[in-house]
1. Can you tell me, using C-alpha contacts under 8 Å and at least 6 residues apart, the relative contact order of chain A as a whole percent?
2. About its Cα centre, how strong a charge dipole does the protein assembly as shown have in debye, to the nearest 20, once Lys and Arg get +1 and Asp and Glu get -1 at the Cβ?
3. Sort out for me the Cα centre separation of the stretch B:1-38 from the stretch A:1-73, rounded to whole Å.
4. For the protein assembly as shown, what's the radius of gyration and Dmax over Cα atoms, in angstrom?
5. Among A:65, A:102, A:33, which residue has its Cα positioned farthest towards the positive end of the charge dipole of chain A, with +1 placed on the Cβ of Lys and Arg, -1 on the Cβ of Asp and Glu, and the dipole taken about the Cα centre?
6. Roughly how crowded by other chains is peptide B:94-105, in terms of the mean Cβ count from those chains within 10 Å of each of its Cβ atoms?
7. Compute, for chain A, the length of the dipole vector about the Cα centre, with Cβ point charges of +1 (Lys, Arg) and -1 (Asp, Glu) only. Units Debye, rounded to 20.
8. Considering every residue in A:38-45, what mean count of other chain Cβ atoms within 10 Å of its Cβ is obtained?
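Each reported figure results from applying straightforward, stated rules to the coordinates on display, with no laboratory input. Here the structure is a predicted model, which is why all the values come from computation and not from measurement. Cβ sites come from the backbone with ideal geometry, for glycine too, and all protein chains shown count toward neighbours.
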Amino acid sequence: NAGVTQTPKFRILKIGQSMTLQCAQDMNHNYMYWYRQDPGMGLKLIYYSVGAGITDKGEVPNGYNVSRSTTEDFPLRLELAAPSQTSVYFCASSYGTGVENNSPLHFGNGTRLTVT
Amino acid sequence: AQSVTQLDSQVPVFEEAPVELRCNYSSSVSVYLFWYVQYPNQGLQLLLKYLSGSTLVKGINGFEAEFNKSQTSFHLRKPSVHISDTAEYFCAVSLRSNDYKLSFGAGTTVTVRA
């Protein structure tokens, strides 16, 4: 059971380039999330999805786009990379909500992105 | 909106000593509370969570936390730490009405020394 798989692990981009961070989960989770982690700032939610075909903005969505065509995959797109997007990006998934079904977030191991 | 404040950014501690990591939250409505741990170069893992019921919650690896509604706190404790507890710890909160969206604190780095 692979859990949440993120690719690539590392990437260096030049300003203005675009790229897609891949995220796949094999746990049949409905909920998926993208967070960015910056030193001393904790994790900030970029986008999230409550199921295939449904996405919504989190706290810091500017400069990013997502899609959720299948339950398994939730790619994050950077269209015009900027130095402010240098960060570690984590994808996560979860099963359910509510007191009875609340499940922990399962995180991938992250993608370390540098924009220069 | 809910928010979380972790009061200590770094906590150095000697092996076998106790440790307490402080977390305060802000919300006008009922919340769920969580502690996650992040080991170097890994994603986060759930340590424990408070959803309802007993305010003292026990988690993995000997950690426990106490929910204090009057003080809006959820402090994490371990009576005796090991070198392997060296990691970054995150407190998180979600609204009960919207519990799949977590807000994370800035994190507390725990360094355990022999």
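1. On the way: 300 pairs, mean separation 40.0, N = 116.
Averaging sequence separation for qualifying contacts and normalising by length gives 34 percent for chain A.
2. Computed charge dipole of the protein assembly as shown: roughly 380 debye.
3. Comparing the Cα centres of the stretch B:1-38 and the stretch A:1-73, I get a distance of 25 Å.
4. 17.6, 52
5. So the residue we want is A:65.
6. For peptide B:94-105, the averaged partner shielding equals 5.
7. Taking the Cα centre of chain A as origin, the dipole is about 440 debye.
8. Across A:38-45, the average partner-chain Cβ count within 10 Å equals 5.
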